[in-house]
């Protein structure tokens, strides 16, 4: 059951932050934030669902291509809006804001990022996530 005040621990946020840094820089090849198998990622670029044995590698290639024309990417997380645990798994959703530039045009993208983490060898890893854009605004 989700309790309104429950939030992910700093250890749970480590893989989430690592993925956000990868997206912002698209050059860090360390994808150890993800679970060792059965990863499923839902994104807003084709093929939209990344699953199967090479899911993380295909997602990383797709993300690099997706952000190659963007610059100055930065993220900000809000407080988790839902948090629950079951055994060695945890679920939470995060309001997320990305800012950056597409060419000379700035943008602000708001969305929601839902995560399922699994504990592997004592470390939290991302088993799956889904991204949903809720608003995009252009800025000078």
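Read-outs: derived from the displayed coordinates by stated rules, not from any lab. Since the structure is predicted, the reported quantities are computational estimates derived from the model, not experimental observations.
Relative to the longest principal axis of the Cα atoms of the chain, the long axis of helix 55-67 lies at roughly 30 degrees.
Between 0 and 90 degrees, the angle of helix 10-25 with respect to the longest Cα principal axis of the chain falls at about 20 degrees.
Mind checking the alpha-carbon convex hull of the chain and giving the volume per residue in Å³?
108
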